1. Please determine, by comparing only the residues of segment 235-262 that are small (G, A, S) and out of contact with any Phe, Trp or Tyr (no Cβ under 8 Å at 6 or more places or on another chain), which one is least open to solvent (accessible area, probe 1.4 Å).
2. Looking for whichever is touching a Ser or Thr at 6+ places or on another chain (Cβ under 6 Å) and closer than 16 Å to W264 by Cα here; the options are D250, D240. Which one fits?
3. If I ask for residues that are open to solvent by less than 40 Å² (accessible area, probe 1.4 Å), among the β-branched types (V, I, T) and away from ligand 1 (no atom under 16 Å from the Cβ), which ones from segment 57-80 would you list?
4. Every residue in segment 154-178 that is within 22 Å of A69 (Cα to Cα) and surrounded by fewer than 16 Cβ atoms within 10 Å (Cβ to Cβ), please.
5. Being open to solvent by 20 Å² or more (accessible area, probe 1.4 Å), within 15 Å of ligand 2 (Cβ to nearest atom), aromatic (F, W, Y) and at pLDDT 95 or above: is that true of Y311 here?
6. Might you let me know whether segment 264-271 holds any residue that is of a type outside the set (S, T, N, Q), surrounded by 14 or more Cβ atoms within 10 Å (Cβ to Cβ), farther than 21 Å from L75 by Cα and within 14 Å of the chain's Cα centre (by Cα)?
7. Which strands (runs of 3 or more DSSP E) sit wholly inside segment 160-217 and have at least 2 residues that are at pLDDT 95 or above and in contact with an Asp or Glu (Cβ under 9 Å, 6 or more places away or on another chain)?
8. Using the structure shown, decide if D35 is among the charged types (D, E, K, R), open to solvent by less than 40 Å² (accessible area, probe 1.4 Å) and either within 16 Å of ligand 1 (Cβ to nearest atom) or out of contact with any strand residue (DSSP E or B) (no Cβ under 9 Å at 6 or more places or on another chain) (or both).
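The values are calculated or read from the model by the stated rules, or taken from the named source; none is laboratory data. This one's a predicted model, so the numbers in the text were calculated from it and none came from an experiment. Cβ coordinates were reconstructed from backbone atoms using ideal geometry, including for glycine residues, and neighbour counts include every protein chain displayed. Please note that ligands, DNA and RNA were not included when accessible areas were found on the heavy atoms of the full protein model with its side chains. Shrake-Rupley method; radii C 1.70, N 1.55, O 1.52, S 1.80 Å.
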Amino acid sequence: MMMTILFYSESDDPNPWRQALMRELPGIAFRVWPDIGEAGEILYALVWKPPPGLLKTLPNLRAILSLGAGVDGILRDPELPRAVPVVRLVDAGLAQQMSEYALYGVLHFHRDMHRYAEQQRSSQWRALAPVAAGERRIGVMGLGVLGSDFVAKLVPLGFRVLGFSRTPRALPGVTAFHGDLGLHPFLAESEILVNFLPLTPQTERILNAQTLAWLPRGACIVNIARGGHVDEEALLAALDAGQVGGALLDVYDREPLPAAHRFWRHPRVFVTPHIAAQAIAELAVSQVIENIRRIERGDQPLGVVGVERGY
Ligand code: NDP
Ligand code: OXD
């Protein structure tokens, strides 16, 4: 059977993927949804947020290959074919971009740029008291592939770094917390909180009215993981009340962020359109090709998702 790959994404251009895959895997057929042709011919689905129910219509799938690191947009499908492995991107050029964005966010809030932006609106020339990096506590939620790359770049800058994961993780220079019981002591110390968690039933709305209140007063948040981690109304209330001092947000409950959403206009919210890391086809494609080759020769692909675990 000719190896046929189906591509589905409303936010990625299929052409660089088509070119790279056809160059590296001669003889394959590359189809872009909705032109799927004969469903039984499709062996690989290369997808970002496929419509629920689509994957179960492909009876001969060998793998579901995610176009991103996060797979919540695949696992949300109640009819996901359980026997087919789901494979995600592991770094594939994302880590460097995520770390750049997160470092930018940490430095922005550490150096009070959110407060100077407010002062600028009323032409106020006023120096705020500086805080030494060694006195600044940065909380990193999620110490996986992306979160651990970030802490490896953050620690040498001299910050006090706290980390939070599901299972215990020991990383140089990081005070580690884990599990449900670790969340409160971790948040209570986090003056700048950066979120790198996957979205799972356990992490959904992990930042809500109760947990935001555990942060030190005036703490700032950088969310580059998923909008579903945050109760957006609770975050707005915490910003209005000064409990949260500023938020740099890349991800939202609804994307694109609706024009009427208060985040667009809130003076202490900085909005970017889910660009913290964007898969660069040329970098990501080599990982996808390697995984297809592994599966074809009967080996385990890299980045197999624990579907029950949710990430
Ligand atoms: P990994 O699977 O490598 O790491 C996940 C980390 O989260 C692990 O440390 C894991 O703990 C921890 N974790 C999972 N569940 C829980 C929980 N219930 N409580 C505490 N910690 C938990 O993922 P990646 O680092 O590759 O990616 C992280 C996320 O980043 C993606 O899922 C995606 O949502 C987001 N992302 C966003 C992008 C953007 O542009 N905005 C781009 C790319 C990714 P443990 O170590 O114990 O397993
Ligand atoms: C990802 C993303 O998960 O782009 O890779 O959000």
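1. Checking each candidate, the answer is A238.
2. D250 is the lone residue from the list that is touching a Ser or Thr at 6+ places or on another chain (Cβ under 6 Å) and closer than 16 Å to W264 by Cα.
3. Within segment 57-80, no residue meets the criteria.
4. Within segment 154-178, T167, P168 meet the criteria.
5. So Y311 fits the description; yes.
6. No: zero hits.
7. Hits in segment 160-217: 160-165, 174-178.
8. no
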